[in-house]
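Here, each number is a calculation from the coordinates, and none is a lab measurement. Treat the numbers as computed from the prediction; the structure is a model and nothing was measured. Reconstructed Cβ throughout: ideal geometry from the backbone, glycine too, with neighbour counts over all protein chains shown.
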Amino acid sequence: MKIKPIPDRLYGRIKGKKLRPRQEWLLEAFLPRTAWPEAPFGITPREIWLEVGFGGGEHAYELATRNPDIGYIAAEVFETGICSLLAKIAPDGVDAPEPLPNLRLFTGDARPLLRSFEAGALSKLFLMFPDPWPKARHAKRRFVHPDMVTEVARALREGGEWRIASDDPTYQEWTDEVMGAQDLFTVTRMTDHPEGWPHTRYEAKAIAAGRRPVYWSAIRR
Ligand SMILES: C[S@@+](CC[C@H](N)C(=O)[O-])C[C@H]1O[C@@H](n2cnc3c(N)ncnc32)[C@H](O)[C@@H]1O
């Protein structure tokens, strides 16, 4: 398998539709209070978990609220998605919303963020339904990539877990190939939704459209 190194360039959408006043407020006034790394956690976290590309934020919000002693950093670049997670934390109609002490949003590219952690700093990394980039010439844009495997392995502690899910047949085959060619992780591949993994909006859409997601749990050796 001949694979080129990854350039840190973003290709997906960053701005969506024009923002409503409430969304503008969330980004301008509320986000700085819950943005990583500017706003530190309001707890001393037992572990740090990172989610890459949280989309609408349902997976991040559910895991962060279920695990109040975990420091959860959720990264996303798409503005509408960022507003959607902020709106879960600060719902419309709540007078004086407060950040969740253990949830922080990173509103930039997750790849340099991942490199910013010390070796072994993370206990879990979630990559739920990454942009598939199905064309072979775009393979270097995929997050699952031999260079990234090394990077994720560096950031995760021994016994830490990297969760991946994809509904795209090309990405599924690619992930099997990339994860099959490495020896830093012990990988379990599942075709049923694993218990305890929150569902995501993208996953629901994929299933409704008749696609069959695959889920991987990769444990750092
Ligand atoms: C197909 S969506 C899936 C969203 C969500 N995980 C879900 O399952 O519903 C992939 C998301 O990853 C985000 N993304 C892509 N590259 C990223 C990067 N380098 N850093 C942070 N987010 C990224 C995109 O903006 C997009 O919202």
Label-point separation in nm, residue 140 to residue 17, each point 7 Å along Cα→Cβ:
3.6 nm
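Which percent, nearest 5, of DSSP beta bridges in the chain are antiparallel? All intermediate terms of the calculation are to be shown ahead of the outcome.
Details: 12 of 32 bridges.
About 40 percent, rounded to the nearest 5.
Taking the Cβ of each residue in 183, 167 as the centre, tally the other Cβ atoms inside 10 Å and list the residues starting with the fewest.
Numbers: 183 7, 167 19.
Arranged by neighbour count, lowest to highest, 183, 167 become 183, 167.
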For the charge dipole of the chain, defined by +1 on Lys and Arg C-beta atoms and -1 on Asp and Glu C-beta atoms about the Cα centroid, which residue among 156, 204, 68 has the Cα displaced farthest towards the positive pole?
204
For the chain, list log₁₀ I(q)/I(0) at each q in 0.10, 0.11, 0.12, 0.13 Å⁻¹, using the Debye formula over Cα point scatterers of equal strength and ignoring solvent, two decimals each.
-0.44, -0.53, -0.63, -0.75
Residue-averaged 222 nm ellipticity for the chain, from DSSP H runs of 4+ at -39500 (n - 2.57), nearest 500
-8000 deg cm²/dmol
A student applying the Cα gyration tensor rule (rounded when a/c is under 1.5; otherwise prolate if a/b is larger than b/c, oblate if not) would label region 135-221 oblate
What are the ³J(HN,Hα) values, in whole Hz, obtained from phi via the Karplus relation 6.51 cos²θ - 1.76 cosθ + 1.60 with θ = phi - 60°, for each residue of region 45-55 in sequence order, with x given for Gly and Pro?
x, 6, 8, 10, 10, 10, 10, 9, x, 6, x
